[in-house]
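Worksheet: one structure, shown below.
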Amino acid sequence: MFDPIWKLALGLFTGILFGVLLQKGRVAKYQVILGQFLLKDWTVVKIMGMAVVVGAAGIYALLPTQTVSLHLKPLAWGGIIFGGLFFGFGMAIFGYCPGTGVAACGEGRKDAFAGVIGMLMGAGIYVVAYPPLNAFIKQFGSEGKVTLPQITGTTPWLWVITLIVLAAVFVILTRHNRHEMRTNR
């Protein structure tokens, strides 16, 4: 049922490391998140995007060694639509995404603490309401447990390399735009 203790410890270590990087990247700061909402500061997107890129490369590099394993969830359209809406509403109200909210809570921010309590309460409500919600969500269809490489018949590395290239282009473009904004002041 559970992974071996060394895998759980590795997950704990990488989670702590991710939290430290979020804090060092200043994405738990109100000004940075507000700048992201106003499309003026791309720090949050850069850090989260880099986390996706590093995570994807790391998972697919470690997969053959059986150090990690994939636990796919079904591609349920209702879950994506309603989950995205609730995530968006929650982020607009809370002002943090779940990761940055927990990082801000770790920094001692009282607004973040209230939000994390709200997230935990929401998770509890979701658990209680899961049976009828699951039946409702299933009405929108499911593609099963699939990945983009499976759907397209390509290697996962094509997708990982594409993510790396897109991330590099994004960082270069936003760095260039930030430099232009500074010189035009």
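Structure summary
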{"item": "Answer from Gly35, Gly101, Gly88, Gly108 - the residue that is closer than 30 Å to Asp3 by Cα and modelled with pLDDT of 85 or more", "result": "Gly101"}
{"item": "First in region 44-69 and farther than 22 Å from Thr100 by Cα, second anywhere and at pLDDT 90 or above and not in a loop (DSSP other than H, G, I, E, B), Cβ under 6 Å, 6 or more apart", "result": "Ala57/Val160; Tyr60/Pro156; Tyr60/Val160; Val68/Ile59; Val68/Leu62"}
{"item": "Number of the condition not met by Tyr96 [criteria: (1) in a helix (DSSP H, G or I); (2) surrounded by 11 or more Cβ atoms within 10 Å (Cβ to Cβ); (3) under 19 Å from the mean Cα position of the chain (by Cα)]", "result": "(1)"}
{"item": "Of residues in region 35-44 being surrounded by 15 or more Cβ atoms within 10 Å (Cβ to Cβ) and of a type outside the set (Phe, Trp, Tyr), the one farthest from Ala104 (Cα to Cα)", "result": "Asp41"}
{"item": "Meets criteria (under 21 Å from the mean Cα position of the chain (by Cα) and either in the same structural domain as Val160 (by TED's automatic domain parsing) or under 23 Å from Val52 (Cα atoms) (or both)) for Leu148", "result": "yes"}
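Table: residues versus (1) more than 21 Å from the chain's Cα centre (by Cα); (2) assigned by TED's automatic domain parsing to the domain that holds Lys40; (3) at pLDDT 90 or above.
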residue	(1), (2), (3)
Ile125	yes, no, yes
Leu163	no, yes, yes
Val171	no, yes, no
His176	yes, yes, no
His179	yes, yes, no
Asn184	yes, yes, no
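The values are calculated or read from the model by the stated rules, or taken from the named source; none is laboratory data. Computed from a predicted structure; not experimentally measured. Positions of Cβ are backbone-derived with ideal geometry, glycine not excepted, and every protein chain shown enters the neighbour counts.
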